1. Treating the beta-carbon of each Lys and Arg as +1 and of each Asp and Glu as -1, no other charges, what is the dipole magnitude of the stretch 253-325 about its Cα centre, to the nearest 20 debye?
2. Placing unit charges on C-beta atoms (Lys and Arg positive, Asp and Glu negative, everything else neutral), compute the dipole magnitude of the stretch 147-301 about its Cα centre in debye, rounded to 20.
3. Under a 5 Å amide H to amide H cut-off, with H placed in plane at 1.01 Å, what residues pair with Thr167 once short-range neighbours are removed?
4. So what is the 222 nm mean residue ellipticity for the chain from helices alone, if each DSSP H run of at least 4 adds -39500 (n - 2.57) and you divide by all residues, rounding to the nearest 500 deg cm²/dmol?
5. Return a whole-number percent for the relative contact order of the stretch 4-244, with Cα pairs under 8 Å and 6 or more residues apart as the contact set.
6. Name the trypsin sites (Lys or Arg not before Pro) in the stretch 25-60 that are in a loop by DSSP and that have at most 15 other C-beta atoms within 10 Å, would you?
7. Once the mean 1/r over all distinct Cα pairs of the stretch 253-325 is inverted, what Kirkwood radius in angstroms do you read off?
8. Set the Förster radius R0 to 30 Å, insert the Cβ-Cβ distance between Glu273 and Glu248 as r into 1/(1 + (r/R0)^6), and round the FRET efficiency to 0.05.
Amino acid sequence: MNEFRKIFKDKILLAPMEDVTEPPFRLICKRLGADVVYTEFISAEGLIRDARKAKAKLFFYEEERPMGIQIFGGNEDVLVDAAKISENAGPDFIDINCGCWVKDVAMRGAGAGLLKDIPKMSRIAEKIINNVELPVTLKTRLGWDENSIVIVEVAKILEKTGIQALTVHCRLRHQGNKGDADWSWIKRIKDSGVNIPVILNGNVKTPEDVKYVFDNFEPDAVMIGQSAIQNPWIFRQSKFFIKNGYHESEPSVEERIDICIEHLRLSVGLKGEKYGVLEFRKHYSGYLRNLRDVSKFRLELMQYNEFEPLKEKLLQFKEEYLINSEF
Ligand SMILES: Cc1cc2nc3c(=O)[nH]c(=O)nc-3n(C[C@H](O)[C@H](O)[C@H](O)COP(=O)(O)O)c2cc1C
């Protein structure tokens, strides 16, 4: 196995998620055990138009490595140019999104839309690989619908193009990101003789799930999306569970609040006070999950627009929580 492919072997990855896997969240997940992280998908068209929003998404912290920049689009030449621009940002690899189910993307022949045109998907992979030095990986789904589960065929075709790893979101296009995932396809891909790393994704929610899929379907790596938003500790917890066969204790209130403040600080540092605070709101529930009497507190946090008072409020909550726990 070449050096690059080893970064996936037996690893647990953070899935790319639009508006979620921004640099601060990726860094926190990394510190909590995520082995490889990805940017959210970045529009190839946006990148070549020099669009400010798309360009900003290329940023990452050195500490995130190994990390990949994910791009999406439907035009082969535009994707090649976008891959070159992404390469200049200095990630460890480029990932091509062929799995996005959203109508605006999939119906325009990008994302999961490429599952309806496998020769084009393959051409895109090949052209990008021929035009960048960095390793190229690809993320897709089982197929467009129940009648077209093409993933084994797709994996074989893509391996020939020279991609260095394949992530399979084990759902169909119409399922979006919800509902059952059929993990058995990972084993079927491996049994078909495909040799590149195959990364299992979809509906992996707990440390037990992570162990179960490693034990039963032989993925090279497991990628976690939505469950990491609610529980960024899932990476560390899964590794502990696999190693010891029992669960590590839940993170303490001190750890939760300290990491929440650090995440918020990174967010404000990156986006400025206004957006850093505003766009952080989706993360409170993950940090406060399962603590008693937090719903009112969470609502209170929503009233704040500045970092310092928010930090004070969080520290005060931590102190009071600890005092109350003593009785
Ligand atoms: C809010 C959100 C945004 C997403 N954005 C992306 C994206 O930018 N690129 C991508 O490949 N997948 C994206 N996905 C799909 C996830 O990467 C993942 O494949 C999916 O959520 C299934 O994994 P899970 O069941 O562990 O969440 C997104 C999912 C969610 C929930």
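Each value in this text was obtained by applying a stated rule to the coordinates, not by laboratory testing. Small disclaimer: the values here were computed from a predicted structure and weren't measured. Every residue, glycine among them, receives a Cβ derived from its backbone with ideal geometry; neighbour counts consider all protein chains shown.
1. 360 debye
2. Working: 23 positive and 20 negative charges, 82 e Å.
Approximately 400 debye in magnitude.
3. Hits under the 5 Å cutoff: Leu138, Lys139, Thr140, Ile199.
4. Values: 16 runs with 152 residues, N = 327.
Computed mean residue ellipticity for the chain: -13500 deg cm²/dmol.
5. Relative contact order of the stretch 4-244: 19 percent.
6. Numbers: sites: Arg26, Lys30, Arg31, Arg49, Arg52, Lys53, Lys55, Lys57; in loops: Arg49, Lys57.
When the trypsin sites (Lys or Arg not before Pro) of the stretch 25-60 are filtered for loop state and at most 15 Cβ neighbours within 10 Å, Arg49 remain.
7. Kirkwood hydrodynamic radius for the stretch 253-325: 12.2 Å.
8. Efficiency, rounded to the nearest 0.05: 0.30.
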